[in-house]
Amino acid sequence: MRTMEEFEELLEQGETLAGEGLLEDSLLRFEAALALEPENPEVI
């Protein structure tokens, strides 16, 4: 369960950062989420 919470938090942070134009930071969050849940289609 902890992994899913971290995954969702990373996605939310990535979306927020992308909206602020901080694309490199956003990409780092999305990559971290992908590492936690590599089969989850929400990241892709």
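None of the figures in this text is laboratory data; all of them are computed from the coordinates on show. Here the structure is a predicted model, which is why all the values come from computation and not from measurement. Cβ placement follows ideal geometry from the backbone for every residue including glycine, while neighbour counts extend to all protein chains displayed.
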Next item on the list: State which stretch of the chain is the longest one without any exposed GluC sites (Glu not before Pro), exposure meaning a DSSP loop state and at most 12 other Cβ atoms within 10 Å.
Entry: 1-19
Item checked: Mean residue ellipticity (222 nm) of the chain, computed from DSSP H runs ≥ 4 via -39,500 (n - 2.57), nearest 500 -> -24000 deg cm²/dmol
Notebook entry, point to check: Assigning unit charges at the beta carbon (Lys, Arg +1; Asp, Glu -1) and nothing else, what dipole magnitude in debye, to the nearest 20, does the chain show about its Cα centre?
Noted result: 80 debye
Notebook entry, point to check: By how many nm would the segment from Glu42 to Met4 grow when fully extended, if each residue of separation counts as 0.36 nm and the alpha-carbon distance is taken off?
Noted result: 12.5 nm
Notebook entry, point to check: Which entry in [x] 19.1, 63; [y] 9.8, 31; [z] 17.8, 52 matches Rg and Dmax of the Cα atoms in Å derived from the coordinates of this structure?
Noted result: [y]
